[in-house]
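Written out below as structure tokens is the structure these notes cover.
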């Protein structure tokens, strides 16, 4: 049987340090019918030089002005020629058999989406060739519990699904853009399968999205979930309770962004109270015995404070987390 083409989307912004290794992990794939769409998003370092030194017909280079990662990915999706699409960040790795295993599963199960697991790493990732039995994804909670719903790079998706429903990354989101893209693709997909194999190497760095300040994160998440629920109704998939739980469990991020705001302690307290008074969040906490089954046992105490609106204690936990994060990043920079 002839192998179908897979389009790999690689957004690049000032990524020269690891870019050659990342691209080499694609060129070394056991599955060979792919195109690697590398989009340089206005890099000011030597990223373009790295790209131009690579001689491989499967590499397509697009150079453009800086518009952000979501717009960059969207441009690549529109330029893709493959039957399937997957994603890669410019400092990460594919296992040599990433495409092979994902494609085999898609064909064997006639899947619209295939999801794999990932391995965090510093230095070099350690991949295992051990195969697992594919699991049919009955609901999004399976992906949430496995920790693989929120990242685009753990998924192989039929590109026709994205085109049919015009699914693209939200350019207004600076944090969580993968989540809403993936959730919408999940809702649009007819058949979804998961293989518990760590095929993707996620590099641990000091430049993660949680280390930055994202203004109005709560408002953006709230609006995105409203739109996502509307989309779910359009495709006749009811996933609203899981969405509500997910919003309610973003409180740690909302607190972190609140303490990073340039405002008084009183203003921060009022803002956090407003978030905790959210109708959706309160409705989740009202069904407490159901909710605590969706979170880890060690998280129950924290969310009990959220339910009881212990504003000062929650803010202090946010300040503590922010300080620890800053200190850790400075130590890593020294080391």
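The values are calculated or read from the model by the stated rules, or taken from the named source; none is laboratory data. Since the model is a prediction, treat every value here as computed from it, not as a measurement. No Cβ is skipped: glycine too gets one built from the backbone with ideal geometry, and neighbour counts run over all protein chains shown.
Scanning the stretch 237-255 for residues that are over 16 Å from residue 309 (Cβ atoms) and under 19 Å from the mean Cα position of the chain (by Cα) returns 239, 242, 243, 244, 245, 246, 247, 249, 250, 253. As a summary of the residue check, residue 253 satisfies the conditions (1) buried (at least 19 other Cβ atoms within 10 Å of the Cβ); (2) under 20 Å from residue 272 (Cα atoms); (3) touching a residue at least 40 places away in the same chain (Cβ under 8 Å) except for the one numbered (1). Counting only residues that are surrounded by fewer than 14 Cβ atoms within 10 Å (Cβ to Cβ) and not in a loop (DSSP other than H, G, I, E, B), the stretch 285-298 holds 6 of them.
Taking the stretch 159-180 as the range and being within 12 Å of the chain's Cα centre (by Cα) and on the phi > 0 side of the Ramachandran plot as the test, only 176 passes. So for the stretch 65-83 (the condition being without any contact (Cβ under 8 Å) to a residue 60 or more places away in the chain and over 27 Å from residue 167 (Cα atoms)), does at least one residue qualify? No, there is no match, as no residue in the stretch 65-83 is without any contact (Cβ under 8 Å) to a residue 60 or more places away in the chain and over 27 Å from residue 167 (Cα atoms).
Can you pull out every residue in the stretch 107-125 that is exposed (fewer than 14 other Cβ atoms within 10 Å of the Cβ) and modelled with pLDDT under 95? Correct list: 120, 122, 123, 124. Screening residue 261 on (1) surrounded by 13 or more Cβ atoms within 10 Å (Cβ to Cβ); (2) under 26 Å from residue 141 (Cα atoms) shows it passes everything except condition (2). Considering the conditions (1) assigned to a loop (DSSP other than H, G, I, E, B); (2) modelled with pLDDT of 95 or more, residue 263 is excluded by exactly one of them, (2).
Only one of the listed residues (162, 156) is touching a residue at least 60 places away in the same chain (Cβ under 8 Å), part of a strand (DSSP E or B) and crowded, with 20+ Cβ neighbours inside 10 Å. That residue is 156. Within the stretch 14-49, the set of residues being touching a residue at least 60 places away in the same chain (Cβ under 8 Å) and over 28 Å from residue 83 (Cβ atoms) comprises 17, 18.
All told, residue 269 falls short of being in a helix (DSSP H, G or I), loosely packed, with under 13 Cβ neighbours inside 10 Å, more than 25 Å from the chain's Cα centre (by Cα) and at pLDDT 95 or above. Any residue that is outside the structural domain of residue 295 (by TED's automatic domain parsing) and in contact (Cβ under 8 Å) with a residue 60 or more places away in the chain - is there at least one of those in the stretch 227-235? Within the stretch 227-235 (the criterion being outside the structural domain of residue 295 (by TED's automatic domain parsing) and in contact (Cβ under 8 Å) with a residue 60 or more places away in the chain), the answer is no, since none of the residues qualifies. From 296, 305, grab the single residue that is farther than 18 Å from residue 220 by Cα and modelled with pLDDT under 95. Among 296, 305, only 296 is farther than 18 Å from residue 220 by Cα and modelled with pLDDT under 95.
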